[in-house]
Structure formats: structure tokens, C-alpha cells
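Asker: Have a look at this one before I ask anything.
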Amino acid sequence: MKIEMFNVGWLSSSAAIWRQGEDAEQRIRMPIPAYLIETDRERILIDTGLNPAAVADPGGFYGRPDIFAPFALELECSIGEQVDLSTLTRVVLTHLHFDHAGGLSQLPRSVPIVIQRREWEAGQDAKAVARNFLHPRDYVLDQQRIVLIDGDHDLLGDGSLELLLTPGHTPGHQSVRVGADLVLGVDVAHFATTLDDHRFPMFADDFAAQARSAESLRKLRDEGAQVLPGHDPDVLRPGPVASAPG
Ligand SMILES: [Zn+2]
């Protein structure tokens, strides 16, 4: 199994938004990752990054020019410019935030999208949409291509790739375990240290659930797995992801 990380945007803002206790005046620039997992039979994309059309013209795309007001977004190369999307066999969406779901519009319409049922349902619920800063325009998709799963899920049926329900950041956030040694934790922990210090972003769907999700990933890390954080500029580097030995 080969796994590679791509940079699909940058998000800059006050650091205090993403790590409680930071000085509000302090700025941070965070990478936005997507991952391609290749097996003998499959090419699976994990998340899709920013939408070039939305970054270039949020007013035109969403009808709300101020939608990204707290942030400065940069997109050097969209996912479609870095990965041949025509040969993907599936896409796993970890959650519906714009920095993960934004690139969906670039995908061929035939590719199935695998997402937790409770995330998808929250995305159709006005209150949950508002509470979680979701933008439904990011995930306008044919119902037929949505594959809804409930809880932890053995994606390939051989135990090699498992989707882990890790709610809290959003209602149905999921992480991805690749073999025994690597977990894409995604936004359970924006920074590597978040697994231990629980200094989560200032917003969450459910902080208690996020703390439990962080605890479950911390356990996997303590048992020897490498757990990649969601947006840690000191950890995330584009290129092949080597899983920890053992
Ligand atoms: Zn994110």
C-alpha cells in the first residue's frame, strides 16, 4: 500500500482559533492536506482540499463575499492539478468542512464518496450546518454516489484500511487507519501535541466527544502507531508518507 500526502491549500488566521490559549494577535499559517492511498486494485483519495473557484471568488461561488472573513486562503495547486482524478476508485471524506470537501467539484461524477452517515445528515440539517460552519454549496452531490457508513468501517474488507468514527470536531468526523502503523487523525487534533494537551480549536460540535476521540487516537499512538495531525505546519510535509516501522 502506497500513501502520499498532497498540499491542497493554506489557511492563515489568528492562532487562537485553532489552539485554545494562544495569543489572539499571533498569526499561524497551516497546511491543508489530502492523501492518496494506492493498492493493487484501488486508488483512494482521502479529502479534497480547497475549491479553486471558491478561493478565487467566494462571493461568486457562495453568494457571500465575506464567507472566509477570519481567514486568508491560498491555493497553489488544487487536487485536480496534482492527482489524476479520472482513475480514482473512491473518495473518503473525513468531514464536510470547506478545507476538506471543497475539492469535490473537481471529481468525475462516477466516483463514490464514502462518509459517515451522521456527518452527511448533519450537512442537511440547518442548525447543524450553522453550528459547524458548513457550506452546503461545497457538497452538492448526486445521492447515488454517496456511500454512508455507520461507525468504524473496514473499507477494503481485509483489515488493511479502516475508517474510524472520531466525532467531536464535527458530528461524524472520521479518521483513517492505514495498516497497524499509521493513522490519519485529521481534525481530531490539529497539532501533534493536541492529542496530549487537548487544546482544541475554539469551536467544536461537541468538545467532550472530541476529547474522547483524541484519547482513542492517543492510545493508538502510545501503542506504536504514527498519528498524523490535521494541520500541523511542523509535521505535515507533502510526499510519500512512511509508516512507522514494526
Ligand atoms: Zn481541517
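Readers should treat all values here as calculations from the given coordinates under stated rules, not as data from a laboratory. Source: prediction; values computed, not measured. A quick note on method: Cβ atoms are made from the backbone with ideal geometry, for glycine too, and the neighbour counts reach across all protein chains shown.
Asker: Compute the orientation-averaged projected area for the stretch 88-216 from the convex hull of its Cα atoms and round it to one decimal in nm². Kindly include the intermediate steps, with their values, before the conclusion.
Answerer: On the way: hull surface 31.6 nm².
If I average the Cα hull's projected area over directions, I get 7.9 nm².
Asker: Which ³J(HN,Hα) values in Hz, rounded to whole numbers, follow from the phi angles of the stretch 191-206 under the Karplus curve 6.51 cos²θ - 1.76 cosθ + 1.60, where θ = phi - 60° and Gly and Pro get x?
Answerer: These are the phi-based 3J(HN,Hα) values: 10, 4, 6, 4, 4, 9, 8, 6, 8, 6, x, 6, 10, 6, 5, 7 Hz.
Asker: How compact and how long is the chain, expressed as Rg and Dmax of its alpha-carbon atoms in Å?
Answerer: When restricted to Cα atoms, the chain yields Rg and Dmax of 16.7, 50 Å.
Asker: Also: What is the extension gain from residue 124 to residue 219, computed as 0.36 nm multiplied by their sequence separation minus the C-alpha to C-alpha distance, in nm to one decimal?
Answerer: On the way: separation 95, 0.36 × 95 = 34.20 nm, distance 3.28 nm.
Gain on extension, residue 124 to residue 219, equals 30.9 nm.
Asker: For the stretch 20-79, what is Rg from Cα atoms divided by 2.2 N^0.38 Å, rounded to two decimals? Please report the intermediate quantities before stating the final value.
Answerer: Numbers: Rg = 15.7 Å, N = 60, 2.2 N^0.38 = 10.4 Å.
Cα Rg divided by the expected 2.2 N^0.38 Å: 1.50.
Asker: Let me ask something else about it. Of 159, 129, 103, whose Cα points farthest to the positive end of the dipole of the chain (charges on the beta-carbon: +1 Lys, Arg; -1 Asp, Glu; origin at the Cα centre)?
Answerer: Checked the options; the winner is 129.
Asker: Could you check what % of the DSSP bridge pairs in the stretch 54-192 are antiparallel, to the nearest 5?
Answerer: Numbers: 10 of 16 bridges.
Counting only bridges with both partners in the stretch 54-192, antiparallel ones make up about 60 percent.
Asker: Taking R0 as 35 Å, what FRET efficiency do you get between residue 142 and residue 69 from their Cβ-Cβ distance, rounded to the nearest 0.05? It would help to have the intermediate numbers written out before the result.
Answerer: Details: r = 31 Å, r/R0 = 0.89.
Between residue 142 and residue 69 the formula returns 0.65.
Asker: A further question on this structure: Could you give each residue of the stretch 77-86 its phi-based ³J(HN,Hα) in whole Hz, using Karplus coefficients 6.51, -1.76, 1.60 with θ = phi - 60°, and x for Gly or Pro?
Answerer: 9, 6, 4, x, 7, 10, 10, 6, 6, 6
Asker: Between residue 158 and residue 56, what is the label-point separation in nm under the 7 Å Cα-to-beta-carbon projection?
Answerer: Label at residue 56, label at residue 158, 4.1 nm between them.
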